[in-house]
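Scroll down for the structure; my scribbles are underneath it.
The values are calculated or read from the model by the stated rules, or taken from the named source; none is laboratory data. Only a predicted model underlies this, so the values are computations on that prediction, with no experimental measurement involved. Reconstructed Cβ throughout: ideal geometry from the backbone, glycine too, with neighbour counts over all protein chains shown. Each accessible area value is taken on the protein alone, full model and side chains, heavy atoms only, with ligands, DNA and RNA left out. Shrake-Rupley method; radii C 1.70, N 1.55, O 1.52, S 1.80 Å.
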Amino acid sequence: MRTRRASTNGSRVVAIIVVVWLFIGLAAAAQRSYFSGSDATCAKVGTTLVTVVAGPLNYIGANPKIDCSAPQPSR
């Protein structure tokens, strides 16, 4: 039974960490005004979701940046 109880406590801690992480991400997205306006494009929704998931990284000092170049269409 000890294994089950330890596992339950560990999963509770992980769940609390995930909820706090997402709450901080929501605060970061709200701080950037991603929830205002009514134009819900795929780009805006994607940016908002990435900010919610990765937003707390900025608060701990990480500054993730992605540099990508898409291929140009043929003529």
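Scanning for something among the polar types (S, T, N, Q), surrounded by 10 or more Cβ atoms within 10 Å (Cβ to Cβ) and either modelled with pLDDT under 85 or in a helix (DSSP H, G or I) (or both), does the range 35-46 turn up at least one residue? No, the range 35-46 has no match at all. Of the residues in the range 9-28, at least one is out of contact with any Leu (no Cβ under 9 Å at 6 or more places or on another chain), open to solvent by 60 Å² or more (accessible area, probe 1.4 Å) and at pLDDT below 85. In the range 47-59, of all residues being in contact with a helix residue (DSSP H, G or I) (Cβ under 8 Å, 6 or more places away or on another chain) and open to solvent by 50 Å² or more (accessible area, probe 1.4 Å), the one that is modelled with the highest pLDDT corresponds to VAL53.
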